[in-house]
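J.: Mind having a look at this structure? Questions to follow.
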Ligand SMILES: [Zn+2]
């Protein structure tokens with residue numbers, strides 16, 4: 001299967017700065033995301049998806065209608081346009097390394113930055129392929145412009161090959177996924193599909209059907225401030241209470257820096273304080289609801305202790321639900337993941353079912369009612385200057401999309 005425009009598409013998208021912003025209160029969080037959105041709307045129309053629209057919130061939506069006479073489901077293909085605010089996306093200059101020789105790749109001679117095979121053992125399997133990297137000064141944005149380019153090329157392939165059976169296909173490109181707002185302004189009615197796939201995963205062959213269960217907690221401590229000279233018996237120092245609380249958190253276990261695979265964590269990530277008030281913000285992550293609850297109960301017990309020790313202070317805890325493990329939803333619709341595995345197999349790969357130590361738009365969509373696992377893009381080292389991807393893996397991703405659509409078109 002050939003996707004002649006895939007590389008050029010990908011390079012074009014990566015050069016458009018679409019960094020999103022945590023701080024911004026607007027939607028989308030940065031207006032520059034619309035530059036890519038407009039281009040994608042036009043690109044979809046050029047391919048022949050005539051109903052392509054860019055809505056008032058920055059979502060790009062389009063349909064490739066089914067070519068079947070019988071009733072077929074509608075399947076959404078979803079990718080996000082923004083890139084992580086963690087690393088700059090200004091002036092991305094993708095570097096192409098053709099016929100990769102298996103050695104460390106020089107990203108920047110000046111900065112002495114190398115993409116090392118020692119840190120990237122997967123590079124070994126890519127000898128002879130075309131590797132795309134950054135120039136060491138920005139992220140690449142394969143997360144998730146690879147997903148977008150793969151969906152676009154798959155759509156082009158399907159319009160050029162009308163003999164291939166396909167279901168109704170809904171293409172949806174979202175803003176602001178990286179700041180956790182990718183699904184905030186979309187409805188199931190707008191998506192108009194029976195199942196979906198985000199194309200936002202990692203190494204070739206992977207299908208992700210599990211995410212963390214995630215909540216955030218905010219502890220708000222109010223002390224009493226008095227002139228230090230006359231504070232005896234009156235002052236209650238919120239800073240000291242905050243440090244007492246944080247001191248009780250797990251140190252070497254149950255932290256992001258000490259856990260992997262299926263382990264959860266308690267992650268204090270923000271702390272401010274004066275005598276009068278202090279705020280601690282914490283991320284709670286676990287693969288099970290039970291594990292999440294245990295961690296939250298632990299925090300609540302620590303706060304209870306602090307309250308008992310400092311009766312004059314006021315200490316409040318707020319728990320905010322973020323997202324839940326999508327597996328609980330996907331297990332009720334096993335065919336959605338099974339078809340993806342079958343499509344991966346039909347493309348000559350071995351499907352690898354895996355879990356994400358994080359969330360996706362799909363996790364939220366699952367709980368909105370749209371079963372949506374995550375397909376690989378082929379990308380590595382997301383959110384970093386060391387991001388890289390192989391063109392051959394991107395072609396495989398596009399092929400998997402085409403074959404997956406074929407599987408949904410037949411009974
Ligand atoms: Zn992503």
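Throughout, read-outs are computed from the coordinates displayed, never taken from laboratory work. Just so it is clear, the structure is predicted and the values come from calculations on it, not from any experiment. Ideal geometry is used to build each Cβ from the backbone, glycine not excepted, and the neighbour counts take in all protein chains shown.
J.: What whole number of Å gives the distance from the Cα centroid of the range 292-320 to the Cα centroid of the range 116-146?
T.: When both Cα centres are located, 44 Å separates them.
J.: Return the whole-Å distance between the Cα centroid of the range 47-114 and the Cα centroid of the range 337-411.
T.: Centre-to-centre (Cα) distance: 13 Å.
J.: Given all pairs of different Cα atoms, what value in angstroms does the Kirkwood hydrodynamic radius of the range 261-346 take?
T.: On the way: mean 1/r = 0.0618 Å⁻¹.
Answer for the range 261-346: a Kirkwood hydrodynamic radius of 16.2 Å.
J.: Hey, quick one: spin label on residue 57, modelled 7 Å out along Cα-Cβ, who in the range 14-39 has an amide N within reach, i.e. under 20 Å?
T.: It comes to 19-39, nothing else.
J.: Using R₀ = 51 Å, calculate the FRET efficiency as 1/(1 + (r/R₀)^6) where r is the Cβ-Cβ separation of residue 410 and residue 118; round to 0.05. Please list the in-between numbers first.
T.: Values: r = 46 Å, r/R0 = 0.90.
Efficiency at R0 = 51 Å is approximately 0.65.
J.: Provide Rg and Dmax in Å for the range 216-327, with only Cα atoms included in the calculation.
T.: 15.7, 58
J.: What are the semi-axes of the equivalent ellipsoid of the range 76-148, taken as the square roots of 5 times the eigenvalues of the Cα gyration tensor, listed largest first and rounded to whole Å?
T.: Working: eigenvalues 102, 58, 21 Å².
Gyration-tensor ellipsoid for the range 76-148: 23, 17, 10 Å.
J.: What residues from the range 167-181 fall in the zone where the backbone N is under 20 Å from a label point 7 Å along the Cα-to-C-beta line of residue 42?
T.: Zone members listed by number: 172-175.
J.: Would you mind estimating how fast the range 20-120 diffuses translationally, via Stokes-Einstein at 10 °C and 1.306 mPa s with the Kirkwood radius over Cα pairs, in µm²/s?
T.: On the way: Rh = 17.6 Å.
Rounded, D is 90 µm²/s.
J.: Follow-up. Against the longest alpha carbon principal axis of the chain, how many degrees, from 0 to 90 and to the nearest 10, is the axis of helix 238-247 turned?
T.: 60 degrees
J.: Moving on. Within 10 Å of each residue's Cβ, count the other Cβ atoms and sort 344, 78, 131 from fewest upward.
T.: On the way: 344 26, 78 32, 131 23.
Listed from fewest to most nearby Cβ atoms, that is 131, 344, 78.
J.: Then there's this: Between residue 101 and residue 331, what is the spin-label point distance in nm, taking each point 7 Å from the Cα along the Cα→C-beta axis?
T.: About 5.1 nm, to one decimal.
J.: In percent, how large is the relative contact order of the chain, given Cα pairs closer than 8 Å and 6 or more residues apart?
T.: On the way: 918 pairs, mean separation 95.9, N = 411.
The normalised contact order for the chain reaches 23 percent.
J.: Please give the helix 391-409 orientation as an angle from the longest Cα principal axis of the chain, in degrees from 0 to 90, rounded to the nearest 10.
T.: It works out to around 80 degrees.
J.: Still on this structure, please answer the following. Do you know the relative contact order of the range 112-242, to the nearest whole percent, from alpha carbon pairs under 8 angstrom that are 6+ apart? Please report the intermediate quantities before stating the final value.
T.: Values: 47 pairs, mean separation 18.4, N = 131.
With pairs under 8 Å counted, the relative contact order is 14 percent.
J.: To test your reading of the geometry: what angle, between 0 and 90 degrees and rounded to tens, separates the Cα axis of helix 33-47 from the longest principal axis of the chain?
T.: Once rounded, one gets 20 degrees.
J.: In nm, to one decimal, how far is the modelled label at residue 317 from the one at residue 270, with both set 7 Å along Cα→Cβ?
T.: 1.9 nm
J.: Turning to a different aspect of this structure: Please report Rg over Rh for the range 200-244, where both radii come from the alpha carbon positions and Rh follows the Kirkwood definition.
T.: Working: Rg = 22.9 Å, Rh = 15.2 Å.
Result for the range 200-244 is an Rg/Rh of 1.51.
J.: If you restrict to DSSP beta bridges whose two residues both lie in the chain, what percentage is antiparallel, to the nearest 5?
T.: Numbers: 48 of 67 bridges.
In the chain, DSSP labels about 70 percent of beta bridges as antiparallel.
J.: Taking the chain as a Gaussian network, where each spring joins two C-alpha atoms under 10 Å apart, which residue of 201, 359, 102 fluctuates the most?
T.: Comparing 201, 359, 102 in the GNM, the peak value goes to 102.
J.: Would you calculate the separation in nanometres between label points at residue 125 and residue 353, each defined as 7 Å from the Cα along the Cα-to-beta-carbon direction?
T.: 1.9 nm
J.: Checking a compactness column here: for the chain, what do you get for Rg(Cα) / (2.2 N^0.38 Å), N being the number of residues?
T.: Working: Rg = 23.8 Å, N = 411, 2.2 N^0.38 = 21.7 Å.
That works out to 1.10 for the chain.
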